[in-house]
Amino acid sequence: MPALPLPQQRGAALTPMAFVQAILLGYEKYGVNPANMLTRVGISATALRTAGARITGRQMELVSEIAMRELDDEALGWFSQRLRWGTYGLLFRASLPSPTLAIALRRWLRHHWLLTNDIELNLKVSGDTATLSIIEHQPLGAMRSFCLLSTLRYIHGYACWSLDSQIHLNHVCLPHARPADADVYDVVFSRPVEFDAPQACFSFDASYLALPQVRDDHALRQLLRRPLPLSLRPYRRDRMTINRVRNLLRDDLARFHNVQTVARHLNISTRTLHRQFEDQGASFQALKDEVRRDLALDLLHRSDKPIKQIARSLGFGSEKSFFRVFNRWTGTTPGEMRRLGKPA
């Protein structure tokens, strides 16, 4: 599979030349001349030496594929032993027949450990957060930053493909200094990356782990014909969008009172958020009303707050408007609901 092309148009030169230079370290390790690869891809010696130079996503795809074949190493020299051509395809196949993403990822991590002990991949769940981390058992040398970046992206890309869904990352951390091309890292993971961290890792909502895989063997065969989309495809659909937005509203309704604020927090456009709601047969307003209804019932039953204060905390401009909407929700008034002492 390709090393790490960016999610970009083919003609946009956004991929740092530093990624190509990292791959050339693999050629140096194995004593292979990279001239054939560089010529086929159209990268000159001058471009290689130019500070800040960048190439297109298509060029990066070709660099990666040609290098992996010429070196017979899909890890491009990162580890103490080769991961020969086709290794990642076997990882995909071994992880595919899994009922949930959690099982698929644990199989992936276990099988990866059988291939190399230079790094260990670990999945840990704490509360509602899942964290995928890399434990380094051997020095990775000059290839370290590209190896860690690529490995995290491989796993995230596989997980998204497996579910046919975007998996929003809460945090992405890398254990090295901030590079000159750090802006590219933010694009790769669709969120700002924290550098100088204790270890390489990313975290996400643990609810994704319970989702079932939707891919089959036919889909895998299609992918392996050209696995670039695994790292490239910008998934627009997020199967957990409704749950994520519901949790935001419950945690801080005042802050996330409109769809624009929620979209900014999720690092997506308002249009994309609306589209994801439509895909799941929902709307932001309906979800907001659902959360406000639940919060209203909870406050009426579990607190002695005046109804006017409850209305204000739920974003209503007046007690009268709260009464009108509450009657539509429950068929009764807030005062009567409080007296009944039970939910609708």
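Among the residues making up segment 262-315, those that are free of Cβ contacts under 8 Å to residues at least 24 places away in the same chain, part of a loop (DSSP other than H, G, I, E, B) and closer than 19 Å to GLU336 by Cα are SER303, ASP304, LYS305, PRO306. Which of the residues that make up segment 251-269 are under 23 Å from the mean Cα position of the chain (by Cα) and surrounded by fewer than 16 Cβ atoms within 10 Å (Cβ to Cβ)? Once the filter is applied, which keeps residues that are under 23 Å from the mean Cα position of the chain (by Cα) and surrounded by fewer than 16 Cβ atoms within 10 Å (Cβ to Cβ), segment 251-269 yields ASP251, GLN260, THR261, ARG264, HIS265, ASN267, SER269.
Please specify each residue of segment 324-336 satisfying the condition of being closer than 16 Å to ASP289 by Cβ and in contact (Cβ under 8 Å) with a residue 12 or more places away in the chain. Passing the criteria: VAL325, PHE326, TRP329, THR330, GLY331, PRO334.
Answer yes or no as to whether ALA75 is of a type in the set (Gly, Ala, Ser), outside any loop (DSSP other than H, G, I, E, B) and either surrounded by 20 or more Cβ atoms within 10 Å (Cβ to Cβ) or in contact with a Phe, Trp or Tyr (Cβ under 7 Å, 6 or more places away or on another chain) (or both). Here the answer is no, as ALA75 does not meet what is asked. Of all residues in segment 147-195, those that are farther than 25 Å from GLY26 by Cα and over 13 Å from the mean Cα position of the chain (by Cα) total 1. Among the candidates THR131, THR151, the residue that is among the β-branched types (Val, Ile, Thr), in a helix (DSSP H, G or I) and crowded, with 17+ Cβ neighbours inside 10 Å is uniquely THR151.
Restricting attention to segment 280-292 and to residues that are out of contact with any Leu (no Cβ under 9 Å at 6 or more places or on another chain) and surrounded by 13 or more Cβ atoms within 10 Å (Cβ to Cβ), the residue that is farthest from PHE256 (Cα to Cα) turns out to be GLN280. Taken over segment 122-139, the criterion of being farther than 19 Å from ASN247 by Cα and hydrophobic (A, V, I, L, M, F, W, C) is satisfied by LEU123, LEU132, ILE134, ILE135. Of the numbered criteria (1) modelled with pLDDT under 90; (2) in a helix (DSSP H, G or I); (3) surrounded by fewer than 21 Cβ atoms within 10 Å (Cβ to Cβ), the one LEU209 fails is (1).
So GLN59 ticks every box in (1) polar (S, T, N, Q); (2) closer than 19 Å to PHE146 by Cα; (3) out of contact with any strand residue (DSSP E or B) (no Cβ under 8 Å at 6 or more places or on another chain) but one. Which box is left unticked? GLN59 satisfies all of (1) polar (S, T, N, Q); (2) closer than 19 Å to PHE146 by Cα; (3) out of contact with any strand residue (DSSP E or B) (no Cβ under 8 Å at 6 or more places or on another chain) except (3). Of all the criteria given as (1) modelled with pLDDT of 85 or more; (2) farther than 15 Å from ILE167 by Cα, the one not satisfied by ALA219 is (1). Residues in segment 85-128 that are at pLDDT 95 or above, of a type in the set (S, T, N, Q) and either touching a His at 6+ places or on another chain (Cβ under 8 Å) or in a helix (DSSP H, G or I) (or both): ASN117 alone.
The values are calculated or read from the model by the stated rules, or taken from the named source; none is laboratory data. Keep in mind the model is a prediction, meaning the values are calculated, not measured. FYI the Cβ positions are ideal-geometry reconstructions off the backbone, even for glycines, and counts take in every protein chain you see.
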